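First comes the structure, then the notes that go with it.
The values are calculated or read from the model by the stated rules, or taken from the named source; none is laboratory data. Just so you know, these numbers come straight off a predicted model, no measurement behind them. Counting neighbours? That spans all protein chains shown, and the Cβs are built from the backbone with ideal geometry, glycine included. With ligands, DNA and RNA removed, areas are computed over all heavy atoms of the protein, side chains included. Shrake-Rupley method; radii C 1.70, N 1.55, O 1.52, S 1.80 Å.
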Amino acid sequence: MVIKGKIGRALLGASLLAAAPLVSAQNGAEIHTFGGLEMGYGTFSFEQKLDQTVVFPVANLTGGVAYKRFNAALNLSGSVQGAEVSEEDFIGTAERRDYDLTFGYQANDYLSAFIGYKSGKTDLDRLSRDESPIASSEYYKQSGAFAGINLGRSFENAGKLDFSIAYALLDGDNFFASDGDGVEAGETREFDDIDGRSSGSSTGYSINLGWTIPISGNLLFRSKLKHNSYQQDIRFDGQDFNEIREQSNMLIVGVIGVF
């Protein structure tokens, strides 16, 4: 199996645009579609709201098209079951959903550039630890545009290694539940006293590290590690809360078909 120099059209969020050149070399076609399913584990951390890092199993469904040096891909991912959350003041269950649409251009065998749109939302159902438990819900959502580059290197008989980095400008839409302490007269509202819907602006970056190798015919195996880190400025009832940080990670493996 000789793949060096033929698997080179990968980009952030695309499931395996890298496969298109390989298939093209086999059948002479210029347009390729691809799709696949990957499974693994994800984490979510929000230190201003949660003391613990939430861990849950995830699935990623992907599909797209590649034409010559241009490509487009859609990824839909999320937790396949709720993750248990245990805090000092409450217990709960968290779920996560993400999608991204990416458009890319392959500059050469090693470098590609891409732009896209993404949206991610974490839902948290809470139950207080009071003698008379009170149920509440929160969500944290961020959506917006991103852009970045991908660097790839093919190895003979060893597949292709890709590294991607992207910068995002996002809008935040949140619904927070207060921790129940309230704000006493003369006190300044703290972040965990926010109770209700709020908005904000967010910036940050994503890093991806992936490895891909053909396994049979038009099928390829891929493993990917993805890290997101975003910092949000939130305004609520005339008060600003700046540098509110959220982070998420995802480690997935799966099979992609290119046609």
Lone unmet requirement of (1) under 30 Å from F155 (Cα atoms); (2) open to solvent by 60 Å² or more (accessible area, probe 1.4 Å); (3) touching a residue at least 40 places away in the same chain (Cβ under 8 Å) for R245: (1)
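For the structure I just gave you, tell me whether I115 is open to solvent by 80 Å² or more (accessible area, probe 1.4 Å), farther than 17 Å from S178 by Cβ and β-branched (V, I, T). Explain how you work it out, then say what you get.
Details: open to solvent by 80 Å² or more (accessible area, probe 1.4 Å): yes; farther than 17 Å from S178 by Cβ: yes; β-branched (V, I, T): yes.
Against the criterion (open to solvent by 80 Å² or more (accessible area, probe 1.4 Å), farther than 17 Å from S178 by Cβ and β-branched (V, I, T)), I115 qualifies.
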Checking S202 against (1) farther than 30 Å from N108 by Cβ; (2) open to solvent by 10 Å² or more (accessible area, probe 1.4 Å); (3) within 19 Å of the chain's Cα centre (by Cα), the condition it does not meet: (2)
Extreme residue, nearest to the chain's Cα centre (by Cα), among residues of the stretch 205-242 that are among the basic types (K, R) and closer than 26 Å to G152 by Cβ: K226
The stretch 46-61: number of residues that are open to solvent by 10 Å² or more (accessible area, probe 1.4 Å) and closer than 20 Å to G257 by Cβ: 2
Residue match in the stretch 60-70 (condition: more than 15 Å from G104 (Cβ to Cβ) and of a type outside the set (K, R)): yes
The stretch 195-242, residues that are without any contact (Cβ under 8 Å) to a residue 40 or more places away in the chain and in a loop (DSSP other than H, G, I, E, B): D195, G217, G238
